[in-house]
Amino acid sequence: MDYTIYKTGKDRSALTGVLNKFLEKAQTALSSALVGAILIAIGYQVDSVTGDYAGDLANMPTMLNWFIVIMGLTPCILGIVSCFVYKFYPITNEVRANIRKYLEEHNAEQK
């Protein structure tokens, strides 16, 4: 919100809050869909009536091995993505100091 005021000179806190809530809901929907897709990809089958595992029990060790691989790769991939995001993140300590200075001046003008 402070960065928006710094870049535009206008308080767009409500818009930032709404966008934040939208992104939270989109992330929740995407993560739920991904969990289902991953379970289907490794061969997990559920009986829709009882909710019990309906696949062949002989496939369980293979399915668990793939689950272990996915559970290891997912944090690794997300860690690499977060490194790239952090590397290109536009707010450095210098920019943060400029934002604080601008906001102090902006708030003094408002009073």
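The values are calculated or read from the model by the stated rules, or taken from the named source; none is laboratory data. If you're wondering where the values come from, they're calculated on a predicted model, not measured in any experiment. Ideal geometry is used to build each Cβ from the backbone, glycine not excepted, and the neighbour counts take in all protein chains shown. Heavy atoms of the whole protein, side chains included, go into the accessibility calculation; ligands, DNA and RNA do not. Shrake-Rupley method; radii C 1.70, N 1.55, O 1.52, S 1.80 Å.
Rank Ala54, Leu23, Tyr44 by how far each Cα sits towards the positive end of the charge dipole of the chain (+1 on Lys, Arg Cβ; -1 on Asp, Glu Cβ) and give me just the farthest. Farthest towards the positive pole: Leu23. Amide H to amide H distances under 5 Å link Val46 with Ala54, where only residues 5 or more positions off or on other chains count and H is placed in the peptide plane. Based on DSSP H assignment, which helices of the chain show an axial Cα extent of at least 18 Å together with a mean Kyte-Doolittle hydropathy greater than or equal to -0.5? What comes out of the filter, once short or polar helices are dropped, is 13-41, 60-87. May I ask you to derive the FRET efficiency for Ala97 and Lys21 from their Cβ-Cβ distance with R0 = 35 Å, giving the value to the nearest 0.05? The computed FRET efficiency comes out at 0.75. For the chain, the dipole from Cβ point charges (+1 on Lys and Arg, -1 on Asp and Glu) about the Cα centre works out to 580 debye, to the nearest 20.
For the peptides 63-70, 31-38, residues were scored by their other Cβ atoms within 10 Å and the scores averaged per peptide; the highest-first order is 63-70, 31-38.
When the alpha carbon gyration tensor of the chain is reduced to an equivalent ellipsoid, the three semi-axes, largest first, read 48, 18, 7 Å.
When ligands, DNA and RNA are left out and all protein chains stay put, how many square angstrom of accessible area per residue does region 33-80 have with a 1.4 Å probe?
Spelled out: the 1.4 Å probe surface of region 33-80, per residue, equals 76 Å².
Going through region 1-91, which trypsin sites (Lys or Arg not before Pro) have at most 16 other Cβ atoms within 10 Å and a DSSP loop state?
Taking region 1-91 and a limit of 16 other Cβ atoms within 10 Å, the loop trypsin sites (Lys or Arg not before Pro) found are Lys10, Arg12.
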